[in-house]
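One structure is given here, and the rest of the page talks about it.
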Amino acid sequence: MISMRAKAALVLVVLTLAIGLQAGPARSSDVIGNWKAEISFGSGPVRSLRFELRSSGKGVFLPPLGPEPNQILPTDPGSAQWSQSDGQSFRISGPVQFPLGNIAIERGTLILEGKLKGGNTITGKASFFPADQNPATAGAKPSKAGTFKATRITG
């Protein structure tokens, strides 16, 4: 039989684990799913795109739902990556292209760095690096910088 001390110790351990799990930081699985982002690069138009975050740091940038004149299009579906630097901070990056007028496009790498808020919103800064520039290179500067707000797509 289990003594009263052993039972009390077991209850204490279970309660400690339960409280610790609820108070802990968000897990990466909390952001897995589909998101719609609105991106503002200063005085330019608000740009839209969707992204899907998958397990193991993989993701996909997708075109927005419906016809939107200021959309951001993926250049290589399936090639976005994401990482979690702490319980709430995320970095999402991948190749995209912006329409320039009616016939031209601008290709490059989009980086979204933000924080998860309330489980259904990520807000932060957006940076776009042209295709001829590697964002990982020391001294790399984005050609466009601004903010973004992403909202989870449900249903």
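Across the range 85-118, the residues whose backbone nitrogen lies under 18 Å from the label position 7 Å along the beta-carbon direction of SER79 are 92-99, 105-112.
Bridgeable lysines around LYS144 (alpha carbons under 18 Å apart, same-chain partners fewer than 8 residues away excluded): LYS125. Among LYS141, LYS115, the ranking by other beta carbons within 10 Å of each residue's beta carbon, starting with the fewest, stands as LYS141, LYS115.
For the range 28-152, averaging the sequence separation of C-alpha pairs within contact (under 8 Å, six or more residues apart) and dividing by the residue count gives a relative contact order of 22 percent.
For the listed residue pairs LYS36/LYS149; LYS36/LYS141; LYS58/LYS117; LYS58/LYS141; LYS36/LYS58; LYS115/LYS141, the alpha carbons are over 19 angstrom apart in LYS36/LYS141; LYS58/LYS117; LYS58/LYS141; LYS115/LYS141.
Values quoted throughout were computed directly from the atomic coordinates according to the rules given, and no laboratory measurement underlies them. Quick caveat: nothing in here was measured; it's all calculated off a predicted structure. Positions of Cβ are generated from backbone atoms using ideal geometry, with glycine treated the same way; all protein chains shown enter the neighbour counts.
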